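A.B. asks: Let me give you the structure first, and then I'll get to my questions.
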Amino acid sequence: MEHIMNDQTPNTQNVVRTQSSRVRTILASLLLVVGLSHESLAPIYGLFPGLSKLLEGADAVVVAEIIERPTQTGWEPGGVYKIYIQKVLKGEAKDAGTYSAYLRSLPFRTTTNHIASLLPGGLKAGARAVFFLKKNDDAELKADFRNENCAGDAFSINPNVDLKELDGFGPRQAVEFLLKDRLAYERARFHDYETAVTDMVASP
């Protein structure tokens, strides 16, 4: 019995070494991923930094309509979209200007909250949203701007809002107005839905 156990010991040691090697490889890969900057265009993104820091970090904050989306080829965390700027809230862009921008629809995460997206309709042609953008410095990307790559760096607006109501507003005041206006729009939609469901349930 002792002879058999000794014969098996080297194999057992080889298995342990192989497993240890795999674990080290996995850990090294995880550390590499964690070490990547949230500024990169990889699937990693940052938590919501707070509205003030989001505004501070953006080279341009704009209300824009997506007029052309990229051709999707397989799984891709983002793409270069063509956007038409309807209102500049901050920074280096022009009203009624057409630009290319690398965009992603990101989940909204804080330490206490997580929802799928502040762009419920997604990044599609015709969608209007506020985008927090940085000037693109990646020549391979071929875009004028890129997203800030963090939760909250884009949100849909009320499709019926009159942007003239923003005249005279500073960047933060304008963003807060559009956020609250979108919330009121969603509440009204939910109320209409709630009323319809209540009427159906109460019907004979």
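The values are calculated or read from the model by the stated rules, or taken from the named source; none is laboratory data. All values derive from a computational prediction rather than experimental measurement. Backbone-built Cβ (ideal geometry, glycine too); neighbour counts: all protein chains shown. Only protein heavy atoms, including side chains, enter the accessible area calculation; ligands, DNA and RNA are left aside. Shrake-Rupley method; radii C 1.70, N 1.55, O 1.52, S 1.80 Å.
A.B. asks: Answer yes or no: is there a residue in segment 111-133 that is open to solvent by 80 Å² or more (accessible area, probe 1.4 Å), under 29 Å from GLY79 (Cβ atoms), free of Cβ contacts under 8 Å to residues at least 60 places away in the same chain and more than 15 Å from the chain's Cα centre (by Cα).
C.D. replies: Checked segment 111-133: no residue is open to solvent by 80 Å² or more (accessible area, probe 1.4 Å), under 29 Å from GLY79 (Cβ atoms), free of Cβ contacts under 8 Å to residues at least 60 places away in the same chain and more than 15 Å from the chain's Cα centre (by Cα).
A.B. asks: Would you mention how many residues in segment 143-156 are part of a loop (DSSP other than H, G, I, E, B) and within 15 Å of the chain's Cα centre (by Cα)?
C.D. replies: Of the residues in that region, 5 qualify.
A.B. asks: Being on the phi < 0 side of the Ramachandran plot, touching a residue at least 24 places away in the same chain (Cβ under 8 Å), loosely packed, with under 13 Cβ neighbours inside 10 Å and touching a strand residue (DSSP E or B) at 6+ places or on another chain (Cβ under 9 Å) is the requirement here; does LYS90 meet it?
C.D. replies: Considered against the rule, which asks whether it is on the phi < 0 side of the Ramachandran plot, touching a residue at least 24 places away in the same chain (Cβ under 8 Å), loosely packed, with under 13 Cβ neighbours inside 10 Å and touching a strand residue (DSSP E or B) at 6+ places or on another chain (Cβ under 9 Å), LYS90 comes out as no.
So that you can scan it fast, the table gives a plain yes or no per residue for (1) small (Gly, Ala, Ser); (2) farther than 28 Å from PRO70 by Cβ; (3) buried (at least 19 other Cβ atoms within 10 Å of the Cβ); (4) in contact (Cβ under 8 Å) with a residue 40 or more places away in the chain:
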{"residue": "LYS142", "(1), (2), (3), (4)": "no, no, no, yes"}
{"residue": "GLY168", "(1), (2), (3), (4)": "yes, yes, no, no"}
{"residue": "ARG172", "(1), (2), (3), (4)": "no, yes, no, yes"}
{"residue": "VAL175", "(1), (2), (3), (4)": "no, no, yes, yes"}
{"residue": "ASP181", "(1), (2), (3), (4)": "no, yes, no, no"}
{"residue": "ARG187", "(1), (2), (3), (4)": "no, yes, no, no"}
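A.B. asks: Let me ask something else. Just checking, which of GLU165, GLU140 is more than 21 Å from SER105 (Cβ to Cβ), assigned to a helix (DSSP H, G or I) and acidic (Asp, Glu)? Walk me through how you get there before you give the answer.
C.D. replies: Details: GLU140 fails: assigned to a helix (DSSP H, G or I).
That would be GLU165, the only listed residue that is more than 21 Å from SER105 (Cβ to Cβ), assigned to a helix (DSSP H, G or I) and acidic (Asp, Glu).
A.B. asks: Restricted to segment 93-110, and to residues that are in contact (Cβ under 8 Å) with a residue 40 or more places away in the chain and in a strand (DSSP E or B), which residue is surrounded by the fewest Cβ atoms within 10 Å (Cβ to Cβ)?
C.D. replies: ARG109
A.B. asks: For segment 55-110, what are the residues that are among the aromatic types (Phe, Trp, Tyr), at pLDDT 90 or above and more than 25 Å from VAL161 (Cβ to Cβ)? Don't jump to the end; show me each part of the working.
C.D. replies: Taking segment 55-110 as the starting set, the residues that turn out to be among the aromatic types (Phe, Trp, Tyr) are 75, 81, 84, 99, 102, 108.
Among the residues that remain, those that are also at pLDDT 90 or above are: 81, 84, 99, 102.
Matches in segment 55-110: TYR102 only.
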